[in-house]
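Asker: Next up is a structure, given as structure tokens.
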Amino acid sequence: VLLEESGGRSVQAGASLRLSCAASGRTFSSFAMGWFRQAPGKEREFVSYINWVDDTKYADSVKGRFTISRDNAWNTVYLQMNSLKPEDTAVYYCAAGTYSDSIYSSDYTYWGHGTQVTVSS
């Protein structure tokens, strides 16, 4: 599975962005899809996942502001990010895995190269 993220850019605090992750290769609908992020000097952290039955989970830091969704017809997963804060600044990575409900990056097999999101105050 090849994953390619897009949509990251520099915005002001309070703005919205939608990240996309396009998948190619194997059957997209059979994978759980996750979003992770890594800020400078910090470890990669879980943001959200959506599995093959559309169960979702969010990190506490983004709950109520971010929404994950998937379109199996287009092999794409999205991350709608609203009310962005400077602390959301990070490289955002899309990942695919076979665990239905994991928040751990080690449980995801396929990764994109990331897209930079920068939020200024």
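The values are calculated or read from the model by the stated rules, or taken from the named source; none is laboratory data. All figures in this text were calculated on a predicted structure; none of them were measured in a lab. When we count neighbours, we look across all protein chains shown, and the Cβ atoms used for this are built from the backbone with ideal geometry, even at glycine. Accessible surface is based on the protein model in full, side chains and every heavy atom, while ligands, DNA and RNA are left aside. Shrake-Rupley method; radii C 1.70, N 1.55, O 1.52, S 1.80 Å.
Asker: How do the strands (runs of 3 or more DSSP E) wholly within region 14-101 filter down when requiring 1 or more residues that are open to solvent by less than 80 Å² (accessible area, probe 1.4 Å) and over 17 Å from G114 (Cα atoms): which remain?
Answerer: The qualifying strands (runs of 3 or more DSSP E) are 32-38, 45-50, 56-58, 66-71.
Asker: Please go through region 41-52 and pick out each residue that is closer than 20 Å to G7 by Cβ and not hydroxyl-bearing (S, T, Y).
Answerer: The answer is R44, E45, F46, V47, I50.
Asker: Here's something else I'd like to know. Does region 64-94 hold any residues that are more than 21 Å from G25 (Cβ to Cβ) and among the acidic types (D, E), and which are they?
Answerer: Within region 64-94, E87, D88 meet the criteria.
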